[in-house]
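The values are calculated or read from the model by the stated rules, or taken from the named source; none is laboratory data. What you see is a predicted model; the values in this text were computed from it and never measured. Neighbour counts run over all protein chains shown; Cβ positions are idealised from the backbone, glycine included.
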Number of protein chains: 2
Amino acid sequence: MTLGAAPDPPDGVREQALRARTAARALAATPRAVKDAALAEMADALDKQAREILEANAADLLNAEGADMSEAMLDRLRLTDERIAAMADALRELIGLPDPVGEVVRGSTLLNGLQVRQVRVPLGVIGIVYEARPNVTADAAGLCIKSGNAALLRGSASAHQTNRVLVAILATALESAGLPGDAIQLVGAHRSTVADLLTARGLVDVVIPRGGAGLIEHVVSTASVPVIETGVGNCHVYVDDAANLVMAEAIVVNAKTSRPSVCNSAETLLVHRQIAEEFVPRIASVLQAAGVTVHGDPEVVRLASDVLPASEQDWATEYLSLDIAVRVVDSLVEAVEHIARWGTGHTEAIVSDSASAIGRFVAGVDAAAVMINASTRFTDGSEFGFGAEIGISTQKLHARGPLGLPELTTTTYVVTGAGHIR
Amino acid sequence: MTLGAAPDPPDGVREQALRARTAARALAATPRAVKDAALAEMADALDKQAREILEANAADLLNAEGADMSEAMLDRLRLTDERIAAMADALRELIGLPDPVGEVVRGSTLLNGLQVRQVRVPLGVIGIVYEARPNVTADAAGLCIKSGNAALLRGSASAHQTNRVLVAILATALESAGLPGDAIQLVGAHRSTVADLLTARGLVDVVIPRGGAGLIEHVVSTASVPVIETGVGNCHVYVDDAANLVMAEAIVVNAKTSRPSVCNSAETLLVHRQIAEEFVPRIASVLQAAGVTVHGDPEVVRLASDVLPASEQDWATEYLSLDIAVRVVDSLVEAVEHIARWGTGHTEAIVSDSASAIGRFVAGVDAAAVMINASTRFTDGSEFGFGAEIGISTQKLHARGPLGLPELTTTTYVVTGAGHIR
């Protein structure tokens, strides 16, 4: 394992994609039992070769410290025995999930006797472009294999040595299980490979970016291959005048503080004017006691202590930290309009005991998920009972919300006749 | 109605899209009965104002003749009383179809008591970019309204006067039914409006191009908004060595000749070598008797009369005319490889009585539809029993195959709790 910049892969993204396509064709016809056995091999191999992974990770960490990376970033990059064991366990959890491939989504026999079945098939070659966390390497590879797809992984340059070792281990495990190692490939970490991946039309079937707003914007504006946007979550909680304020307090605190760095945490609280006098001082002090910095509009500044004045930038920001923007609104309509202007279509929550208010909120907001009297933090494939996910789609095409195994497939119509002509 | 080039619309695509968004929000909350009443109004208005439509169409035709447009193109542009009545009838047929909006796609109550429902909602604002046929204007508008979406229509410049009158009539009918006229808007016909539509991220939810390969390639490479590719169909019929040759002959003739100008007609015939000696001369002469020009590989040239030698260009071409490329293959595997190389993922057919051959063909080809002992011509929303369609998607994301009403929607997860937190 060389330290410093990783060498280029022996060939370019195009050649890798061609080999991935061949591997994908083999995987598409592979029965579930073989895929599940491969996942078990992959998990065991990670456990057995943990030391090798940690050595590569130590080299990445050394470079990152030399490059003055922040402690938060270093923490995302860092692997430990526990984190490697968690990666292996995540692969084992996929074994228990149903195989989406072959599922008949709908089917019927037409008047003329033609039998039409719409059947799930793999997408083919999936490109994943992601930032520091190396666990995405194993998670994405496992989801792709289980759903019969080949994965072209483009991780961050800072994690490249870790990723190279991970992918080598996973690909070797695939081969031990009788599947093509080319089904999991790491793309070179130099800058041009992202663009190569994003423009490989006809070779790459879809690219899924996992990371911050900047990465996603770059991918969407560069790509000519289809993209599934994920993850940017400027999520709101609206506390209606008909809310149970004890419930509202618990939901707001949970949505903001239970894990502030993730996309389904709340960033803005909207409070109906009717209850602002009572609720704003109370929620501000509870949040502040939990270490949250409150940014508020003039009304919130007036009603509560230690509130920083909020600017438009605060309404637009996905803090991903212990900060929250708070605004008093005159009505549910104003809350819905605020969300339409500043939301990212991820998750919007209402706390209310009014059925008509709930109905108007659900009809009015346009998001992957709408939470009624529940924390925004529930938008998650595992919480929804779908098992592992590769991200939360915030776009409207193909899949919206948690991207689990069925969302990594497409369908084909298989039509059976007996010499039918039109 | 001015003759010659149509004037620019009073404002640009961006402003039109903003108004379309407002209209879309109203439409999303409109119950089926109101949408169906609007479709009836739209249909009646076309019937009543047929004369006005024909006058505008005559002006377009005059310009087109002056510009030396081919007779085939003129025919696509031309409206008649019958064609206007057919447009109106197509709108009326939508009334009988189920409303996809509000359909609960899946739902469950989680262990913790949270109720999760995945519900169909409209996409929002749909851009349609299309070529000469003015009937697309009414068809697309009707499908969008029924599915609760606003339509931004960018038709061809040559049909612009016809389209302006059609859209004015349809939007007025919408308003008579109490719906916002901005839900159906025609975009200016100057060149820049296509790019404006394709890059209106955040304003336009999806663009669907309807037209030839050149249009689709342009749209895909220019767009930063999501695109659903439609329609390019380089469809193959593979006649296996285990085929019933009487059935094969009927299917090939139907797939090629019943309507050569559409995307689900066959363009290439692949014949297994074992039966080539018998089948190739026979099918060539039957096709030639039906007016088809046969382009063949050297083996086909040897076996049949009056065959033009085929080049790689022939395997790649979607003729859309009474031409067919014919190749003798050594095996089913070679047929599948030919299709993988030259197919466009639309419809691929096998004629065979061998269950194992059929299984290998279905598993091996990667297309929106696979026909077993049936003509390629059956890939069609109406034939599949789905009702009207806006095109055939040949991409893997979101929708593959006929794009009917459900494919013009997305979903949202509506999650109901009672104060649930994580």
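Residues that are more than 7 Å from chain B (Cβ to nearest Cβ), part of a loop (DSSP other than H, G, I, E, B) and aliphatic (A, V, I, L, M) were ranked within segment A:401-422; the one that is nearest to B:Val252 (Cα to Cα) is A:Leu405.
Note on segment A:117-135: residues that are farther than 21 Å from A:Pro98 by Cβ, crowded, with 24+ Cβ neighbours inside 10 Å and within 15 Å of the chain's Cα centre (by Cα) amount to 5.
If you check A:Asp60, A:Asp99, A:Asp44, A:Asp89, which single one turns out to be in the same structural domain as A:Gly202 (by TED's automatic domain parsing) and surrounded by fewer than 15 Cβ atoms within 10 Å (Cβ to Cβ)?
Working: A:Asp60 fails: surrounded by fewer than 15 Cβ atoms within 10 Å (Cβ to Cβ); A:Asp99 fails: surrounded by fewer than 15 Cβ atoms within 10 Å (Cβ to Cβ); A:Asp44 fails: surrounded by fewer than 15 Cβ atoms within 10 Å (Cβ to Cβ).
A:Asp89 is the lone residue from the list that is in the same structural domain as A:Gly202 (by TED's automatic domain parsing) and surrounded by fewer than 15 Cβ atoms within 10 Å (Cβ to Cβ).
In segment B:288-333, what residues are within 26 Å of B:Ala242 (Cα to Cα), among the small types (Gly, Ala, Ser) and assigned to a loop (DSSP other than H, G, I, E, B)? The answer is B:Ala290, B:Ala304, B:Ser305, B:Ala310, B:Ser331. Looking at segment B:141-219, the strands (runs of 3 or more DSSP E) lying wholly inside it that each contain 1 or more residues that are within 25 Å of B:Thr410 (Cα to Cα) and at pLDDT below 95 sit at B:206-210. Scanning segment B:377-400 for residues that are facing chain A (nearest Cβ under 10 Å) and acidic (Asp, Glu) yields B:Asp380, B:Glu383.
Results for (1) in contact with a strand residue (DSSP E or B) (Cβ under 9 Å, 6 or more places away or on another chain); (2) more than 11 Å from every other protein chain (Cβ to nearest Cβ), shown as yes or no for each residue.
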residue	(1), (2)
B:Arg106	yes, no
B:Gly113	yes, no
B:Glu131	yes, yes
B:Pro134	no, yes
B:Leu153	yes, yes
B:Gln161	no, yes
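Quick one: which of A:Leu215, A:Leu143 is within 25 Å of A:Gly401 (Cβ to Cβ), surrounded by fewer than 21 Cβ atoms within 10 Å (Cβ to Cβ) and either charged (D, E, K, R) or out of contact with any His (no Cβ under 9 Å at 6 or more places or on another chain) (or both)? Please lay out each step first, then the result.
Details: A:Leu143 fails: surrounded by fewer than 21 Cβ atoms within 10 Å (Cβ to Cβ).
Being within 25 Å of A:Gly401 (Cβ to Cβ), surrounded by fewer than 21 Cβ atoms within 10 Å (Cβ to Cβ) and either charged (D, E, K, R) or out of contact with any His (no Cβ under 9 Å at 6 or more places or on another chain) (or both) holds for just one of A:Leu215, A:Leu143, which is A:Leu215.
Listed conditions (1) in contact with a helix residue (DSSP H, G or I) (Cβ under 6 Å, 6 or more places away or on another chain); (2) assigned to a loop (DSSP other than H, G, I, E, B) are all met by B:Val262, apart from (1). Scanning segment A:256-288 for residues that are more than 14 Å from chain B (Cβ to nearest Cβ), closer than 23 Å to A:Val333 by Cα and in contact (Cβ under 8 Å) with a residue 60 or more places away in the chain, which turns out surrounded by the most Cβ atoms within 10 Å (Cβ to Cβ)? Per the stated criteria, the residue is A:Thr268.
Can you tell me which of B:Val336, B:Val362 is part of a helix (DSSP H, G or I), within 13 Å of chain A (Cβ to nearest Cβ) and surrounded by 23 or more Cβ atoms within 10 Å (Cβ to Cβ)?
Numbers: B:Val362 fails: surrounded by 23 or more Cβ atoms within 10 Å (Cβ to Cβ).
Among B:Val336, B:Val362, only B:Val336 is part of a helix (DSSP H, G or I), within 13 Å of chain A (Cβ to nearest Cβ) and surrounded by 23 or more Cβ atoms within 10 Å (Cβ to Cβ).
Scanning segment B:211-251 for residues that are within 12 Å of chain A (Cβ to nearest Cβ) and within 24 Å of B:Ser356 (Cβ to Cβ) yields B:Val237, B:Ala243, B:Asn244, B:Leu245, B:Val246, B:Met247, B:Ala248, B:Glu249, B:Ala250, B:Ile251. When B:Val194 is tested against (1) surrounded by fewer than 21 Cβ atoms within 10 Å (Cβ to Cβ); (2) of a type outside the set (S, T, N, Q); (3) closer than 22 Å to B:Arg133 by Cβ, exactly one condition is not met: (1).
Of the residues examined, B:Leu39 is one that is away from every other protein chain (no Cβ under 14 Å), surrounded by 15 or more Cβ atoms within 10 Å (Cβ to Cβ) and under 24 Å from the mean Cα position of the chain (by Cα).
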